[in-house]
Amino acid sequence: MTRPALAAALLATAAFSGAPLSAETHRVDPGEGASERLQEALILAAPGDVIELGAGRFVLNDGLSLDVDGVTVRGAGMQQTILDFTGQQGAGEGLLVTSDEVTLRDFAVENAKGDAIKSKGADNIVYYRLQVTWTGGPKASNGAYGLYPVESTGVLIDGCVVSGASDAGIYVGQSKDITVRYSVAEYNVAGIEIENSRNAIVHNNLATRNTGGILVFDLPSLPVMNGGNVTIAGNVVVDNDTPNFAPPGNIVAGVRRGTGIMVMANENVVIEENWIDRNPTTAVMVISYPNAFDDARYDPAPRDVRINRNRFGRNGYDPQIDGAPMLLAAFGGSLPPVLWDGLGEAPEAGSPDNQAAWTLGLPHQAAGFDKARPQTVTLKSSINVGGVVRYGAPAALEARLR
């Protein structure tokens with residue numbers, strides 16, 4: 001083959017595969033004009049390029065955005081490269097990503113006025129070894145979300161640390177094919193939340209000192225509905241005892257302090273092999289959507305929730321529930337580890353040590369707590385827990401972690 005023909009073949013191959021011909025690395029260091037220099041690099045990047053952030057503190061006065069496919073934003077480490085938004089003008093995101101095949105890795109974000117890192121409609125996105133915090137501790141004035149991918153197919157969150165979010169530390173919404181793993185969520189209202197999403201696995205994370213540890217919700221009147229196919233496995237969910245600091249009106253403002261794992265109006269959820277301990281209200285809560293709604297597409301009840309081989313410590317010893325003193329007296333000082341509101345399908349247990357539960361015995365959806373008729377229940381033994389299909393992010397995203 002002649003050289004011109006070879007060159008033409010290479011060009012055709014590159015165009016067909018989407019691979020860049022000459023990816024470049026653009027280094028940006030902290031210092032004077034960091035906001036402008038970093039945003040310029042994000043605008044001028046080409047697919048396949050790397051934006052390399054130097055070590056140090058980037059003092060930023062405005063939010064950042066990326067809308068180029070296939071870009072990697074890489075710092076020197078979550079303790080070494082810090083994007084400081086304390087002086088941010090306006091209330092937008094710290095970093096907003098609206099392009100596909102993006103990798104964000106090895107840096108920290110502090111004190112964003114709005115959500116810290118948000119990606120919207122960004123398919124096959126990787127969040128790797130990121131740290132997000134609001135340094136003033138839990139406050140309603142903090143940004144709502146730490147890591148916030150929404151409306152995406154293919155999400156991998158790995159090795160991240162998030163604290164201080166006034167809604168959810170790690171939140172994935174209206175998305176599918178999701179993995180959240182090896183991450184730490186602490187001192188948020190919700191530690192980790194999967195909402196209106198499908199085909200997700202949340203495994204080997206630590207959720208501690210949140211109001212609620214891990215939440216799996218499906219809500220009405222959103223563009224993407226019918227959340228389900230979620231596995232919560234191998235997590236440590238302990239000491240979730242921070243008072244709820246969500247702004248009034250947020251759905252998570254109703255999460256009771258001391259909730260370990262909470263499933264609301266979802267289908268096909270497996271909770272297995274987690275260590276759930278020292279959560280004052282309950283280890284596991286399975287409930288229907290508690291409010292009135294007007295959406296004919298929506299099923300407010302939980303369906304096909306299975307609980308298997310979890311290690312329950314002491315939970316339910318200070319429940320944030322009306323009538324708690326009487327309940328504690330009736331149950332001998334602490335509540336059974338699984339709370340079901342009595343609506344929809346009762347959760348099932350795949351192991352005998354996970355069958356102890358109690359129910360509110362609510363008569364219908366959106367019934368108030370004054371209508372509750374609490375009683376103990378023994379969860380039905382399920383033969384369908386073993387051999388669970390493991391959902392999650394596309395395997396191809398693993399290559400970006402090298």
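At-a-glance table
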read-out	value
Of all residues making up segment 254-293, the number that are touching an Asp or Glu at 6+ places or on another chain (Cβ under 9 Å), among the small types (Gly, Ala, Ser) and not in a strand (DSSP E or B)	3
Matching residues in segment 58-101 - criterion: being part of a strand (DSSP E or B) and more than 30 Å from SER22 (Cα to Cα)	VAL59, ASP84
Pick from segment 56-68, criterion surrounded by fewer than 19 Cβ atoms within 10 Å (Cβ to Cβ) and of a type outside the set (Ser, Thr, Tyr), ranking: nearest to GLU101 (Cα to Cα)	ASP67
Among the residues listed as ALA116, ALA140, the single one being in contact (Cβ under 8 Å) with a residue 40 or more places away in the chain and either surrounded by 23 or more Cβ atoms within 10 Å (Cβ to Cβ) or touching a Cys at 6+ places or on another chain (Cβ under 6 Å) (or both)	ALA116
Extreme residue, surrounded by the most Cβ atoms within 10 Å (Cβ to Cβ), among residues of segment 1-42 that are of a type in the set (Ser, Thr, Tyr) and modelled with pLDDT of 50 or more	SER35
Number of positions in segment 114-145 that are of a type outside the set (A, V, I, L, M), farther than 22 Å from ASP69 by Cα and assigned to a strand (DSSP E or B)	3
Exclusive hit being out of contact with any Asp or Glu (no Cβ under 9 Å at 6 or more places or on another chain), of a type in the set (Phe, Trp, Tyr), surrounded by fewer than 23 Cβ atoms within 10 Å (Cβ to Cβ) and over 22 Å from SER221 (Cα atoms), set TYR128, TYR182, TYR187	TYR187
Among residues of segment 207-216, those that are over 15 Å from ASN274 (Cα atoms), touching an Asp or Glu at 6+ places or on another chain (Cβ under 7 Å) and either surrounded by 22 or more Cβ atoms within 10 Å (Cβ to Cβ) or aromatic (Phe, Trp, Tyr) (or both), counted	1
Number of positions in segment 322-344 that are free of Cβ contacts under 8 Å to residues at least 24 places away in the same chain, exposed (fewer than 12 other Cβ atoms within 10 Å of the Cβ) and assigned to a loop (DSSP other than H, G, I, E, B)	2
Candidate set: segment 276-314, residues that are touching a Phe, Trp or Tyr at 6+ places or on another chain (Cβ under 6 Å) and touching a residue at least 60 places away in the same chain (Cβ under 8 Å); chosen: the one surrounded by the fewest Cβ atoms within 10 Å (Cβ to Cβ)	PRO300
Qualifying positions in segment 170-228 - hydroxyl-bearing (Ser, Thr, Tyr) and at negative phi	TYR171, SER175, THR179, SER183, SER197, THR208, THR211
Test: residue in segment 345-360 that is surrounded by fewer than 22 Cβ atoms within 10 Å (Cβ to Cβ) and on the phi > 0 side of the Ramachandran plot	no
Residue match in segment 217-228 (condition: part of a loop (DSSP other than H, G, I, E, B), surrounded by fewer than 21 Cβ atoms within 10 Å (Cβ to Cβ) and among the charged types (D, E, K, R))	no
Selection count, segment 161-176, where residues are free of Cβ contacts under 8 Å to residues at least 60 places away in the same chain, part of a loop (DSSP other than H, G, I, E, B) and closer than 18 Å to ALA207 by Cβ	2
Selection from segment 89-129 of residues that are at pLDDT 95 or above and closer than 12 Å to GLY143 by Cα	GLU93, GLY94, VAL109, GLU110, ASN111, ALA112, LYS113, GLY114, ASP115, ALA116, ILE117, LYS118
Condition met for VAL236 (closer than 28 Å to TRP134 by Cβ, crowded, with 21+ Cβ neighbours inside 10 Å and out of contact with any Asp or Glu (no Cβ under 6 Å at 6 or more places or on another chain))	no
Test: residue in segment 194-206 that is in contact (Cβ under 8 Å) with a residue 24 or more places away in the chain, among the acidic types (Asp, Glu) and surrounded by fewer than 24 Cβ atoms within 10 Å (Cβ to Cβ)	no
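The values are calculated or read from the model by the stated rules, or taken from the named source; none is laboratory data. Quantities reported herein were computed from a predicted structural model and do not represent experimental measurements. With ideal geometry, Cβ positions are generated from the backbone for all residues, glycine too; neighbour counts draw on all protein chains shown.
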